[in-house]
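The values are calculated or read from the model by the stated rules, or taken from the named source; none is laboratory data. This one's a predicted model, so the numbers in the text were calculated from it and none came from an experiment. All Cβ positions, glycine included, derive from the backbone under ideal geometry; neighbour counts span all protein chains shown. Please note that ligands, DNA and RNA were not included when accessible areas were found on the heavy atoms of the full protein model with its side chains. Shrake-Rupley method; radii C 1.70, N 1.55, O 1.52, S 1.80 Å.
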Amino acid sequence: MQKNRLTLYIIIALIVGIGVGYIYNTNVLTDVNAKISAADAQVRATDVQLSKITDTTSSDYRQLRIGRTLQIVASKKAITEREDKLEYFSLLSDIFLRLIRMIVGPLIFSTLVVGVAKVGDIKAVGRIGGRTLLLFIGASFVSLLVGMVLVNFFEPGSAMHLSLPTSSTGVEIKKTALSLRDFIGHVFPRSFAEAMANNEVLQIVVFSLFFGVATAAVGEKGEIIIKFMDAVAHVIMKITGYVMKVAPLAVFGAITVVVAKEGLGIISTYATFIGEFYLALALLWIIMIGSGYAVLKSRILKLLSRTKDAMLVAFSTSTSEAAFPRALEELENFGCNNKIVSFVLPLGYSFNLVGSMMYLTFALLFLAQAYGLHPTFFHQFSMLMVLMLMSKGVAGVPRGALVVLAGAVGMFNIPEAGLALLLGIDPLLDMGRSATNVLGNVVATAVVSKLEGELEEEQPNKNE
């Protein structure tokens, strides 16, 4: 009953947040948003003029560059003013996300150590890990392929007819490139304390695997560690219950800020692209649920019912990380063995972000279409494989998919300036892909539990 009330409160918070955001957009922020739009329009117009001037040393070129810089400064000043007016709404979601991130590191460490130590046999750890990673690789490939196929079918970028910009235009997004040294540094921690402080999920997982195997290897002396870690995990789950009580307030704040900034008009402006992207996500959901049904049978519906709160929180706050504690708890209540859940779910948050990966191929080829570029099937397939590797290095990075995309456009000679097309609607897209990431991970965890013969009958909800 309490769980159903939480779902109701989150839905109410979503609706109220949209209403309040619309009021702010049309009344409080009208002048500020107009300043930002005017400055951005002037920058785009200046870019067109700059592209027509061949002599970059001329006075006209220099004057245009100075004017462009002034407009960017004006835009940033107006954005700061807007952020100040929305500060109290932002604080609601910021507090919730900070509380969640406070929990995630210790929860992954304690549960994964207990899970690995209870498995005990290093061969069993290898078998479960191998099966899990194989499942994740397959899911990643399918999600990227779905994005590639549907963006070719819909061709949402073809109607844009954008001209190729000059090298002077761009957007300010931190890029990520596929570097072996960076990837290794992202996987293996140089300090466990640093990994916990930065919420580096993959590094925490690696240390926890070593710690769990070593705990099992020392025999009876390790029993006290296992009992202690198990107690820590239960305490953190209790904290999670307290934190989730403020989730509706966080949802209200996050949605209010998005709608207040962009307005409801952003939905109609990009309705076709947003609609086609969510249709692609829906197809991916059908594939994942269908795959889950093949293994779990009708229990897949019970799984969806139990984890709907987690997916709703991820959707509302645009971060799958916020749903981790709730998903972990509900998977155990669903009947998944603790050692499987605590092993597979943290790995999923590093290797199985299926919603984000589908977005990568969809968005990258959308930008190519917008500029009239037509990559061959072989070229598109190479994009898919590169994105599959690049996506593994951004677990826990805010708007990680957009960061990877910023690094990928240059690799495939797609103008970086095109990312500006996606910046405004990215919060709306991030909501859908975050919820999809959670669905992919809970289904994968339940499937591995079933394949390992570790799926039991449902348990009563501990919060009821």
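Shown are Leu422, Leu134, Leu428, whose ranking by accessible area with a 1.4 Å probe and every protein chain present, most to least, is Leu134, Leu428, Leu422.
For the chain, the relative contact order works out to 29 percent when only alpha carbon pairs closer than 8 Å and six or more residues apart are counted.
Once you sort the root eigenvalues of the Cα gyration tensor of the stretch 1-136 as a ≥ b ≥ c, which label holds: rounded (a/c under 1.5), prolate (a/b larger than b/c) or oblate (the other case)? Oblate. Between the stretch 12-72 and the stretch 326-340, the alpha-carbon centres lie 48 Å apart. Of the residues Ile66, Ile274, ranked by 1.4 Å probe accessible area with the largest first, the sequence reads Ile66, Ile274. The overall shape of the stretch 190-254 is oblate: from the C-alpha gyration tensor, with semi-axes ordered a ≥ b ≥ c, the ratio a/c is 1.5 or greater and a/b is no larger than b/c.
Partner aspartates and glutamates whose Cα lies under 16 Å from the Cα of Lys77, excluding those fewer than 8 positions away in the same chain, are identified as Asp31, Asp40, Glu87, Glu172. If I model a spin label as a point 7 Å beyond the Cα along the Cα-Cβ vector, how far apart are those points for Arg5 and Ala231 in nm? With each label point 7 Å from Cα toward Cβ, the separation is 3.1 nm. Ranked by the mean number of other Cβ atoms within 10 Å per residue, highest first, peptides 334-343, 229-238, 371-380 order as 334-343, 229-238, 371-380.
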